[in-house]
Amino acid sequence: MAKTSTSTQGLRSAIERSGYYPALVAEAVEAAVGGEAIRSFLVHQETTFDANEVRRHVTVLVLTDNRFIVSHTDEQAADSTSPTPYATTSTESVKLGRISSVVLSRVVANPEKYVPGTLPREVVLTIGWGAVSRLDLEPAACGDPNCEADHGYTGSSTADDLSLRVSEAGDGPDAVRQTLAFAQSLSEATADVTR
C-alpha cells in the first residue's frame, strides 16, 4: 500500500490504513517530522517470505520544506536475543541539499503502443544521499587478447541509499500513481534547493 498527501492527519491516516503497528510507526515518524509542514509523503508496506515465515516491512517517506525523512519498521520473530517477537523502527532525517539523486525507473508493457499518461506496470524509486554507496569492480583489460599484464580494476560507484519497488499487480494502480507523485515532489524539491 502506498499513500501520498500533504497533511499530518493524512499521514497518520495512511499509516493507520497500512495496519502495520500504526501506533509505533506514527509515533516514530511524527517525532522525526517535528513541527515542520509536510509537503508530501508515501507509505509503502511490503510482505516478504523468509523460509517458513512471512515478514512485513513498512517504509514511510516524508518530504518537508527542508528535509527528507525515511522510516523503516520491520517485525522479527523471537530469537536468541528476545523470547518474544519484536519490531524495530528507525528514522533518518536528510537535509534536502544532501540528496544527490532521485531515480525513477518505469516498466511499461508493449512500449510500441505506449500512449503518454498510461500508468507504468511497475516503478522503482531510488534515492541517493551518500549514506550508502555500492561499488562494482571488475578486472580492467586492454584490447589485446594476448596481453597478460595486470591492468588493475575498473568499476563504478552508485548511490544506493533507498530503493523502493511498487508494482500495479502487487500493490495496485493507486500505489503506482502515488509513488510517481511522491517522486515528482521530491525531484522538484531537490531542484529548488540547487537554485
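The figures follow:
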quantity: Relative contact order of the chain, defined on C-alpha pairs under 8 angstrom at six or more residues apart (%); calculated: 19
quantity: Residues of the range 41-162: accessible area per residue with a 1.4 Å probe, Å²; calculated: 61
quantity: Rounded Å value of the spacing that divides the Cα centres of the range 140-189 and the range 40-56; calculated: 21
quantity: Rounded to 10°, Cα long-axis angle of helix 8-18 versus longest principal axis of the chain; calculated: 80
quantity: Helix 173-194 axis, angle to the chain major axis (alpha carbon atoms, nearest 10°); calculated: 70
quantity: Accessible surface of the range 1-150 [probe 1.4 Å, protein heavy atoms]: carbon and sulfur percent; calculated: 50
quantity: 222 nm mean residue ellipticity, helices alone, for the chain (DSSP H n ≥ 4; -39,500 (n - 2.57); rounded to 500); calculated: -8000 deg cm²/dmol
quantity: Stokes-Einstein D in µm²/s, Kirkwood radius over Cα pairs - the chain at 25 °C with 0.890 mPa s viscosity; calculated: 130
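The values are calculated or read from the model by the stated rules, or taken from the named source; none is laboratory data. The structure presented is a predicted model; accordingly, all values stated were derived computationally and were not measured. Side chains are part of the model used for accessible areas, which takes the heavy atoms of the whole protein and leaves out ligands, DNA and RNA. Shrake-Rupley method; radii C 1.70, N 1.55, O 1.52, S 1.80 Å.
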